[in-house]
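Have a look at the structure below, then the notes.
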Amino acid sequence: MTNPLHDALVAPLADRAAPVLTDAGGATLTGAALHAATMAFAGALDDLGLRPGDRMAVQADKSPAALALYLAALTTGVVFLPLNTAYTADEVAYFVENAGAALMVGDPAKAAALAPIAARFGARFETLDGAGQGTLATAAGTAAPRTAATPRGPADLAAILYTSGTTGRSKGAMLTQSNLLSNAQVLVRAWRFTAADVLLHALPIFHTHGLFVATNVSLLSGGAMIFLPGFKAGQVIDLLPGATAMMGVPTFYTRLLDEPRFDRALTAHMRLFTSGSAPLLAETHVRFEDRTGHRILERYGMTETNMTTSNPYDGERRAGTVGPALPGVELKITDPATGAPVPRGEPGMIEVRGPNVFAGYWQMPEKTAEELRPDGFFLTGDIGTEDAEGYVTIVGRQKDLVITGGFNVYPKEIELLLDEQPGVLESAVVGVPHPDFGEAVVAVVVPAPGARPDPAALAAALAVSLAKFKQPKHIAILPELPRNTMGKVQKALLRRDLAHLFVPAKA
Ligand code: AMP
């Protein structure tokens, strides 16, 4: 028996004398060295008594060692559970308990807060810092390295990634060997990754985008990565000449466009820029092309489904759309109330089925049953439309739908109109409690640099093209929208901050 992910991602590294990882200072790690680090960590996990199927929660800064630890989990069959480095100890406690983690790996600087949590839930505690040092690294230095991978099958669990959980508690999405491998294979082909590619990797590796989309695709193709602890526009510009491809969230691209050095000459050698995890404004897509001559390839996916749609590599990359379903992925748009397909072009729930779709939520059978149909279609919670050529446009999250006076309002429709107004950089529309209408449509507008848009003028402009019930009952001007690390606008925060516009706060 084999271990598909180890065989595809780790084993080929053993013979690679060429660098696979380069850091910001130009220091490199060869494939053979990354392989050796992986097998050393695998040996340490054995020594700690971890068995295949045990969960390992890891809250570690991004580093080559953290990457090797992920690969060691794949190799040993230990289920990898990465945690956002911004989570507080209290938040970490939930994941360690919920997942029944056998081992918790954390930053040595947080050991005083994290070790008691591990102890409380019966997990071992080891440390690893951003420089690759800590008790786990020391253990890897003395353990007998693994010489072979633990046999695993396609349906075996490889990782549990907790959803960001903006509503209710976060859920652990169970991802199997074949979920991850099949998606990486599809993306390597779709985006033409080869051993000649150098991917500029500035995404976090606790999230599906940086961990699976970026890392797995690069490793599977036999290419190399410029592996950065985080995104800094100036540093990315300095290092871009050594890259052939870059994967980013939309904020990476808007920040690069703020830099005059980011231009056609700097990017002329680049093969591909991709964007995902949050909507890329059509305006950003156009500005990027004007500045660089490159059309950003926007794709769409989520923790539970891996990547599901992508604009084409060859063929038209349409601004404002996330492209057609990837090969092997079935996608349909349905009426959220009945589950029946809606007429083409109408908005509805995006449902997807394929080898990429997760195995369910960890120990939450009711949640799994609510979102994963018996026939294998997953209800993404995203509302979208599909055009005659299969291009999908995301209209918003179902939970962001505003129901005002009994009418459904999709925020995206209003946001697109606001974004077109002079002096508007971007906008977000949410529903807030209203005594008469249930919810009221409220818009938040971020001015373009130097501009001072007038809410009354914006309201008048919207009134020309929007039915009365869709027109915002209030337009607030804010310097910026609240975003998380993946560039997603935190509408829950906006709803909270604007909750008392129409209903007084209870004393
Ligand atoms: P996560 O599970 O954290 O990756 O979040 C997945 C969600 O991010 C999806 O359900 C979408 O709502 C959103 N998302 C991902 N990619 C895109 C995209 N290209 N455009 C718009 N929304 C996106």
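The values are calculated or read from the model by the stated rules, or taken from the named source; none is laboratory data. Note that the structure is predicted; figures quoted are calculated from it, not measured. Cβ placement follows ideal geometry from the backbone for every residue including glycine, while neighbour counts extend to all protein chains displayed. In case anyone asks, the SASA skips ligands and DNA or RNA and just uses the protein heavy atoms, side chains included. Shrake-Rupley method; radii C 1.70, N 1.55, O 1.52, S 1.80 Å.
Annotations
- You can think of it this way: the chain between Tyr87 and Ala467 has 132.6 nm of extra reach, that is 0.36 nm per residue less the Cα-Cα gap.
- Protein-only accessible surface order, largest first, of Asp375, Asp419 at 1.4 Å: Asp375, Asp419
- Surface accessible to a 1.4 Å probe, Ile403 within the full protein complex, Å²: 80 Å²
- Across the chain, the mean sequence separation of Cα contacts (distance under 8 Å, 6 or more residues apart), normalised by length, yields a relative contact order of 10 percent.
- Considering only Ser63, Pro4, Asn179, the residue lying farthest towards the positive end of the dipole of the chain is Ser63, judged by Cα position with unit charges set on Cβ.
- Rounded to the nearest 10 square angstrom, Met364 shows an accessible area of 30 square angstrom against a 1.4 Å probe.
- Per-residue ³J(HN,Hα) for region 101-110, Karplus 6.51 cos²θ - 1.76 cosθ + 1.60, θ = phi - 60°, Hz, x for Gly and Pro: 4, 8, 9, 10, 10, x, 5, x, 5, 9
- Alpha-carbon centroids, region 196-236 and region 8-28: separation in whole Å: 12 Å
- Taking a Cβ cut-off of under 11 Å around Glu316, the surrounding Lys, Arg, Asp and Glu residues balance to a net charge of +1, with basic ones at +1 and acidic ones at -1.
- Within the accessible area of the chain (1.4 Å probe), percent carbon and sulfur: 56 percent
- Partners of Lys367 within straight-line reach, counting aspartates and glutamates whose Cα lies under 15 Å from its Cα and excluding those fewer than 8 residues away in the same chain: Glu304.
- For region 24-38, backbone phi angles converted through the Karplus equation (6.51, -1.76, 1.60; θ = phi - 60°) give residue-by-residue couplings of 4, x, x, 5, 10, 10, 7, x, 4, 5, 5, 4, 5, 5, 4 Hz, Gly and Pro being listed as x.
- For region 402-498, relative contact order (Cα pairs under 8 Å, six or more residues apart, normalised by length) works out to 27 percent.
- The residues of region 327-393 present an accessible area of 47 Å² per residue when probed at 1.4 Å with all protein chains retained.
- Distance from region 89-120 to region 122-156 (C-alpha centre basis), Å: 16 Å
- For the chain, the Rg and Dmax computed from alpha carbons only, in angstrom: 23.2, 72
- Surrounding net charge for Leu466, when Lys and Arg each add one and Asp and Glu each subtract one, Cβ distance under 13 Å: +1
- Positive minus negative residues near Gly423 (Lys, Arg vs Asp, Glu; Cβ under 14 Å): -4
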